[in-house]
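These notes concern the structure reproduced below.
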Amino acid sequence: MQFVHSLRVAPPFACPGSGGSIGSVLAIDPANGSLGSRSRVSGLSLDATIALVSGSAVAARLVGHRRRRVARSPRRGSIASRRSASDDRPVGGSPPQWPLGREEVPWPLGKGEAETLRQVLIVHRHGARFPTKPPVPGDLSWPRRQQFWESYKGHITPVGCKQLQDIGTVLSARYPADASAEGLFHGVERIDGRIVAAYCSNVQRTLQSAWSFLLGFLPSASVFFAFRSERVFSDSLRQAVGVPVYIEDSNQSDDRLFHEWELQDGYKEWRKQNIRRSPFLLQAAQSPEYLTLLDKLGTVLCDPKLGGGSAPSSATASEASEVDALSRLIACKDVDTQVAIAEAHCRPVLPNRHGIEVSGRERGLLRAVGDEVKRRWFGDASGAFASSWGRRGAGYLAHKMWRHLQDRANGTCELRFVDFSCHDTTIAALAAHFGVELPEMGFGAFFALELHERDGRHEVKVFYNSNPSAGIASYASLRPLVLPLGASEKLIPLDECPSGCIDLSDFRDHCRIPDIEENFEAFLDLLARVDREPTRETLKALLNKIGWLSFAQWRQRYGSKFQEADVNGDGRLSHSETQEVLSKSEYVSSDSGGSATEKIFRLVDKDPETDQLCEEDVYLAMCALIGVRGGISSKPGLRMQGASGAPDAGGSGGVGGGDGGPRALLQFEGVVASMRKEALI
């Protein structure tokens, strides 16, 4: 099999490392508030023991090499040296490495599965990272200088890159890039952007995670980067450069693919109240063991959020105590994240001036809180599927996943493998949309969806690995899951899902967003007609169908950008002001001249020679571009047509254009690049 070769350079931070975390799922007995062996809390079956898991593996050269198995002895006092959840020794130390030189494939395909496999989608969390904010006063783990956090907060580390590269290596053994063998890449002589693609959010840690994953999965392939909006106009020549990583144009607040909930009014308040309704957390707030832990953490970290807070003035004494404990408990989620980061990097856990250590049992209590808070990000505390935020938080992502699967099943797309690199919030939203509650979302946690074709029918196998940095052992128990997909009124714990396949039609019925591709084509047609007839009212009608930000929300987010462009301060953009903005745009083609400005004006029924654009005009224009870029086609390129109807050079497959439609769209892109550098798909 041929790859598009380039000088192979490892991504920054992709140096050897290891990582691990301690899984923990302690349950509270609802009858007495004590910790029990197995207890039903908020619809979850919670294991009473702490799942001690080991670190990331060195999986390179796993396939095709026979090597001696190396046994590694854990250091005294390390995570691996502890044997039970009741052990009170402190956490920390060096997690063990994966065994090296295994001859067998860590996660092999089942008998006959290689012949039926047609496509694979992976949705994974990024690897281990730096904290996203400075430490609290009592934590001595990290620098306190502001310059450090301005430069590195949230960035992936060498350990995080290695975690994703290890995952890629394991999957390369399951799906070998061998054109001559039965399997995912059977008959594929050249792997490039027409066969493999990746998507990531617009942050460093997800981009580096996608790159590191591909480095493990296809180590000989060239990887190139492009903003996702550029994908709509990518042609065969560009995709032949190598395997693309498509980056979301928008930042978190506008990223519909990986942060759709940020576009929804009311989500933050709902989440805040939903977490406080969690039966597990309410019971934990009354547990003497948890209260002791809260006091200890408050002393260790000197954090006011852990040391207590003020209750509402109207609350009774007992209510004030409960509210205070619950708030402190919820604040422990951030502590759990800090500890997970420390463990992944073999750093001491919460080093402090008092010399107080966190025991293994206390770590388990802390992890249980962190996992429960994450489940309540999108899963309703009552367990009700209908009132959860899964569809509103990840509906667009689920639709895109289905679209890829459907296009491959229809034979209209050659993509064999698609990677989505995102966040634990994205994974949590997707799980709630699927109707399940996850046990854990460790660094690199992933959903894997396999499309199989048997006797003319297409089925989907869904797998979930909650903690791949635990090593090869984390793959041993993976099984195909029949997700509820709305068939159950309650969210179901993942381990209670039966084993089996999901019919692609069932996946479609749950995940498809009606008319979204039709709206995409309608926008293209609209842009083709701006020079011939009024389009403003048609544009408004389309926007009412698909929705985005309200005008009030748009003003709040982008009003300052409009004011910056409004040089003379009259509240409108003149032709010259708009032209100035477009001239600085990185998206407008160099030969577009003033035609892009004219398209913007005519789209909202304004004469570019005599009229000016008000805020609402610019809002409508931005919404139009959002709608165009919202196309979900998974085909490798759109057919670009000019006025003659002939394809533009390089166009191949996809949605047909109209009289000047794509050309107008290319020119039209500039206004958003001028008003904001990130656009929404």
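List of remarks:
- Test result for Gly138, open to solvent by less than 50 Å² (accessible area, probe 1.4 Å), without any contact (Cβ under 8 Å) to a residue 24 or more places away in the chain and farther than 27 Å from Thr206 by Cβ: no
- Inside segment 259-288, residues that are touching a helix residue (DSSP H, G or I) at 6+ places or on another chain (Cβ under 7 Å) and of a type in the set (Asp, Glu) make up a count of 2.
- Within segment 474-495, the set of residues being in contact with a helix residue (DSSP H, G or I) (Cβ under 8 Å, 6 or more places away or on another chain) and open to solvent by less than 30 Å² (accessible area, probe 1.4 Å) comprises Ser474, Tyr475, Leu481, Leu483, Pro484, Leu485, Leu491, Leu494.
- Any chance Asp515 is surrounded by fewer than 22 Cβ atoms within 10 Å (Cβ to Cβ), at pLDDT below 95 and in contact with a Lys or Arg (Cβ under 9 Å, 6 or more places away or on another chain): yes
- Hey, Phe443 under 17 Å from the mean Cα position of the chain (by Cα), surrounded by 17 or more Cβ atoms within 10 Å (Cβ to Cβ), in a loop (DSSP other than H, G, I, E, B) and hydrophobic (A, V, I, L, M, F, W, C) or not: yes
- Single residue of segment 378-390 satisfying the filter (surrounded by fewer than 22 Cβ atoms within 10 Å (Cβ to Cβ), touching a Gly at 6+ places or on another chain (Cβ under 9 Å) and not polar (S, T, N, Q)) that is farthest from Lys333 (Cα to Cα): Ala386
- Test: residue in segment 455-462 that is more than 13 Å from the chain's Cα centre (by Cα), closer than 16 Å to Leu478 by Cβ and basic (Lys, Arg): yes
Here's the yes/no breakdown for (1) without any contact (Cβ under 8 Å) to a residue 12 or more places away in the chain; (2) not in a loop (DSSP other than H, G, I, E, B):
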position	(1), (2)
Ser488	no, no
Asp506	no, yes
Phe520	no, yes
Leu524	no, yes
Arg532	yes, no
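- Screening segment 455-473 for residues that are modelled with pLDDT under 95 and surrounded by fewer than 22 Cβ atoms within 10 Å (Cβ to Cβ) and picking the one that is nearest to Gly395 (Cα to Cα) gives Gly456.
The values are calculated or read from the model by the stated rules, or taken from the named source; none is laboratory data. Owing to the predicted nature of the structure, the values given are computational and were not obtained by experimental measurement. Note: ideal-geometry Cβ built from the backbone for every residue, glycine included; neighbour counts use all protein chains shown. Side chains are part of the model used for accessible areas, which takes the heavy atoms of the whole protein and leaves out ligands, DNA and RNA. Shrake-Rupley method; radii C 1.70, N 1.55, O 1.52, S 1.80 Å.
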